[in-house]
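To start, the structure itself, in structure tokens.
The values are calculated or read from the model by the stated rules, or taken from the named source; none is laboratory data. Quick caveat, the model's predicted, so the values are computed rather than measured. A quick note on method: Cβ atoms are made from the backbone with ideal geometry, for glycine too, and the neighbour counts reach across all protein chains shown. Side chains are part of the model used for accessible areas, which takes the heavy atoms of the whole protein and leaves out ligands, DNA and RNA. Shrake-Rupley method; radii C 1.70, N 1.55, O 1.52, S 1.80 Å.
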Amino acid sequence: MSEPVRERTVRWEDPMAGAAAGRAMAGIDYLRAIREGRIPPPPIAVLLGFRLAEVEEGAARFEVEPGEHHYNPIGVVHGGLLATVLDSALGCAVHSLLPAGQGYTTIDLTVHFVRPVKRDTSLLHATARALHRGAQLATAQGEVKDGAGRLYAHATSACLVLRG
């Protein structure tokens, strides 16, 4: 007897409306507006099921509940989930330092996976902090841990600061 097919429906709002609003706001204010629900989250966060939980100048924390829908062909959560949530946390740590009219794009991301994630792994926290913010380049470091403090991955990133 075969098991029923699993199904997942994803709905999101127009990401360009939020991006347009964000260009007129300092990075920290834009991220706080997303966290507080005044601006919708980006579609990637909705699709993968992670959320911005905390943001302050130079730091960000995301949460994600791993599930079966994140699995790869070998029966564990795909590393891309951790890489994506780390990329988001690292970028937001940098973005929180930028004035209105500036943005960023990741130009380098190095992730080290240290423990597999399964669907019964508890809520994961991706925390990041900016290490350096220059006129053109910013760097950040971060990690993914569970509620008991077990490390699952750590990463570093370099971001290009965009003007206008």
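Which FRET efficiency value, to the nearest 0.05, is calculated for Lys145 and Ala33 with the Förster distance at 30 angstrom and r the Cβ-Cβ distance? Here the calculated transfer efficiency is 0.65.
In percent, rounded to a whole number, the relative contact order of the chain is 22, using alpha-carbon pairs under 8 Å and six or more apart.
In the range 1-97, what percent of the accessible surface is made up of carbon and sulfur (1.4 Å probe, ligands and nucleic acids excluded)? Exposed carbon and sulfur together represent 55 percent of the surface. Taking GluC sites (Glu not before Pro) as exposed when their DSSP state is a loop state and no more than 15 other Cβ atoms lie within 10 Å, the longest site-free interval of the chain runs over 58-164.
Normalised by the number of residues in the range 31-122, the average gap of Cα pairs under 8 Å and 6 or more apart makes the relative contact order 29 percent. Equivalent-ellipsoid semi-axes for the chain (Cα gyration tensor, √(5λ), whole Å, largest first): 28, 19, 13. A simple count of charges around Pro43, restricted to other residues whose Cβ falls under 12 Å of its Cβ and scoring Lys, Arg +1 and Asp, Glu -1, yields -1. Rolling a 1.4 Å probe across the protein heavy atoms gives the range 64-141 an accessible surface of 48 Å² per residue. Our helix-only sum for the chain, with -39,500 (n - 2.57) per DSSP H run of n ≥ 4 divided by its residues, gives a mean residue ellipticity at 222 nm of -7500 deg cm²/dmol. Extension gain, Val114-His78: 0.36 nm per intervening residue step, less the Cα-Cα distance, totals 11.6 nm. The residues packed around Tyr71, meaning those with a beta-carbon under 9 Å from its beta-carbon, carry a net charge of +1 if Lys and Arg are +1 and Asp and Glu are -1.
The slack between Glu65 and Arg6, meaning 0.36 nm per residue of separation minus the straight C-alpha distance, is 19.5 nm.
Shown here: the range 77-148, whose C-alpha atoms stretch 42, 20, 18 Å along the first, second and third principal axes, sorted largest to smallest. Exposed loop sites here mean trypsin sites (Lys or Arg not before Pro) with a DSSP loop assignment and at most 15 other beta-carbon atoms within 10 Å; the chain contains its longest site-free run at 39-117.
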